[in-house]
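The block underneath contains the structure these notes are about, expressed in structure tokens.
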Amino acid sequence: AAPRARAPKKPASAPAPGAEPALDGRVRAVVDAVLPSIDAGRFAAKALVGVPFEVTAHVFADGHDVVRAMLCWWNDNGGDTDGAATEAPLQAVEMTALGNDVWHAALVPAAPGRLRYRVLAWVDHFRSWRTELQRRVDADDIRLAALAGAALADQAAVRALAGPSPADADAGALRAWAEALHRRAAPAGGADIDIDAVKALALDGRIAAAADRHPDRHLQARSEPLPLVVDRARAGFSAWYELFPRSAGDTPGRHGTFRDVIARLPYIAAMGFDVLYLPPIHPIGRAKRKGRNNALAAEADDVGSPWAIGASEGGHTEILPALGTADDLRALVAAAREHGLELALDIAFQCAPDHPWVAQHPAWFRRRPDGSVQYAENPPKKYQDIYPFDFETDDWRALWAALKGVFDHWIGQGVAIFRVDNPHTKAFPFWAWCIDAIKREHAGVLFLAEAFTRPKVMHRLAKLGFSQSYTYFTWRRSKQELTEYFTELYATPGRDYFRPNVWPNTPDILNDQLHAAPRPVFMTRLLLAATLSPNYGIYGPAFELMERTPRNPGSEEYLDSEKYQLRHWSLDAPDTLAGFIAQVNQARHAHAALQGGAELRFFPTDNDALLAYGRRSADGASAVIGVVNLDPRLTQSGWVDVDAAWLGLGDAPTFEVDDLLSGRTFTWRGGGNFVILDPADMPAHLLHARAGAPGMRP
């Protein structure tokens, strides 16, 4: 069969008279690819108070006219953000063209909260006119162009007077300039014009600046608004110290209290930590209580796991009586603040079998075929002392309200940081709702997601609002693994919403690298955690006292784990790492290159046992170099190829570096530098790089 003839396409037609077009066809500027944009604006990017939040966009227009662009932001009131009224008070800054139609600007958030930002762009007729005039040479062209410019200046003068804050001086200058230009371009009696004089007057830079302040933006393009969550500085820079209050007693076998923790605050503060994190402080279930070393059968004096929450004394909003009272907790919060520390509480949404909610709200829990409540499992692991919630329950609204109420209660007690246990085992919609609701009520509250799970799940939790996230650092140890992993954390789009918090150990994880490990292993893991990431933490005193014995060979569980029994720690042990930790944390506080917003780059070495990297602050004013011997037993040496220009050290042939660990000063250069590190002496350099005259080489 012969092919059928195609009907000719109908030409596109203009909107019918009186019909409202979907778009204003006169808008010629294009705003494309506004970044960061998390999943096309479905989720919010994250920023910190006082730290520039960088925005780029692709902005252009047809033809050769000059385009201008503006980054705007406003408080997100939760309403319709498409109208101008919702953009008050509006803040804005003009964007800068970087080339290839890429534009850039930064906003600096002033307070925690939620913002919206968008990019506006328009064809600027005055700048376009001025650019074209600079290229004109024909006298008649210049005369006509000058008259056109005078008309544009008159229009700008009208806009200068029409704004909310009339600019009388600008309006007067523009009108006077327009009149003078008109006289020069169209002199009385048809006299010849002075081309050079007309052109010089037309290109007066002061008038161009005045016109720039009052552009014609009625045909501007607007990108869709994008969400931004602004957190306080602690979200971007923190050092966490975890301890069990019940093991804070001053004598072996005595149950510790909040008052004992207050007595320990000077010790923690002296090490330079700024967040004190406590495991769950609630009543501990007696039914199915675990014994020492996770034994199924508990002895009469076994204290149980703090994560088995709830007993006859109450549940998630109550305090284990042995720890103290609500007044004692508030006293701890206040005392910690006096020592420069914030208190963080663990929130674990699960119940012991004798938690009051199990009887009061049976629909919140799943049932096994025999009618019993389904306990938590991660086969082959079984947690008979813990009941998880059923987020598919028909009573989900009441469950959600009760769980949010747990946060509300402890916020009322003065707590503003929460480490959330296993959030990846709870429904994502719950976290989206709960975190959004809490942060709208309390913008300064921070959430740390303890989710050692699949990458996409970890990233989803971060997108849903968690301020910080645990990472895989615990299992990354080789030069290649560390380089690839931290490059991924810093260089992929996840950096706009995923804030890593790295831990060398936790009460659940004694990584096999620490099993029977010598002192340099603990030192290098601490240094890497504290200098590769602005947020890190340790479980102490187990870490500084180098607890290194697993329950079984190959196990990540500690022998005699504090999760199931009281421990007494000798904080004055002669081999404690407390002094070294204090050195590292002091360096973190002294140098912006180790804080939030700083950039990271790895430097090449010719020895895989040496890991080298640089950190520089966002403003380029601070730079630090780390070189770590990853071999805990043997001296290692090699050449480190330093990018001095990236560090902001200029093109000087040499520069000085001060070792923040040893106190020594070295002269380094851009390019190759020889390093030798004996782990028995000090397994790493942490070098503050500064430009200057060559110093004495030690």
| About the Cα centre of the chain, what is the dipole size in debye to 20, counting +1 per Lys and Arg Cβ and -1 per Asp and Glu Cβ, all else neutral? | 1020
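What FRET efficiency, computed as 1/(1 + (r/R0)^6) with R0 = 22 Å and r the Cβ-Cβ distance, is obtained for ARG259 and ASP408, rounded to the nearest 0.05?
With a Förster radius of 22 Å, E is 0.25.
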| Quick one: which of 543-549, 568-574 comes out on top by average Cβ neighbours within 10 Å, and what's the full order, highest first? | 543-549, 568-574
| remark: Between the residues GLY324, GLY291, TRP307, the Cα farthest towards the positive end of the dipole of region 271-349, that dipole coming from +1 and -1 charges on the beta-carbon of Lys, Arg, Asp and Glu, is from GLY291
| message | Straight-line reach only, C-alpha to C-alpha below 16 angstrom: list the lysines that LYS563 could link to, leaving out same-chain residues fewer than 8 apart. | response | LYS288, LYS290, LYS381, LYS382
| message | Just to verify a number: FRET efficiency for ASP508 and VAL93, C-beta to C-beta distance, R0 = 35 Å, to 0.05? | response | 0.15
| remark: quick shape note, the chain: Cα extents on principal axes in Å, largest first -> 113, 74, 72
| For region 88-218, accessible area per residue (1.4 Å probe, heavy atoms of protein chains only), Å² | 52
| Accessible surface, per residue, of region 545-698 when the full set of protein chains is kept, probe 1.4 Å, Å² | 44
| query | Hey, rough spin-label estimate for ALA363 and ALA287, points 7 angstrom out along Cα→Cβ, what's it come to in nanometres? | reply | 2.0
| note | With a Förster distance of 45 angstrom and the Cβ-Cβ distance between ASN294 and ALA491, calculated FRET efficiency to the nearest 0.05 equals 0.65
| remark: Counting only residues 5 or more apart in sequence or on a different chain, those whose built amide H sits under 5 Å from that of ALA344 are LEU276, TYR277, LEU278
| Neighbourhood charge, 12 Å Cβ-Cβ cut-off, centred on PRO279 and excluding it, Lys, Arg +1 and Asp, Glu -1 | -3
| note | Dividing the helical contributions, -39500 (n - 2.57) per DSSP H run of n ≥ 4, by the residues of the chain yields a 222 nm value, nearest 500 deg cm²/dmol, of -8000 deg cm²/dmol
| What full-extension length gain, to one decimal in nm, is calculated for ASN100 and ASP194 as 0.36 nm per residue of separation minus the Cα-Cα distance? | 30.0 nm
| query | Percent of accessible area on the chain owned by carbon and sulfur, 1.4 Å probe? | reply | 53
| query | So how do 270-276, 367-373 stack up, highest first, on mean other-Cβ count within 10 Å? | reply | 270-276, 367-373
| request: Output the peptides 465-472, 631-638 sorted from most to least packed, where packing is the average of other Cβ atoms within 10 Å over each peptide's residues. | output: 465-472, 631-638
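The values are calculated or read from the model by the stated rules, or taken from the named source; none is laboratory data. Please read all numbers here as calculations on a predicted model, not as lab measurements. Every residue, glycine among them, receives a Cβ derived from its backbone with ideal geometry; neighbour counts consider all protein chains shown. Note: areas computed on protein heavy atoms with side chains; ligands, DNA, RNA excluded. Shrake-Rupley method; radii C 1.70, N 1.55, O 1.52, S 1.80 Å.
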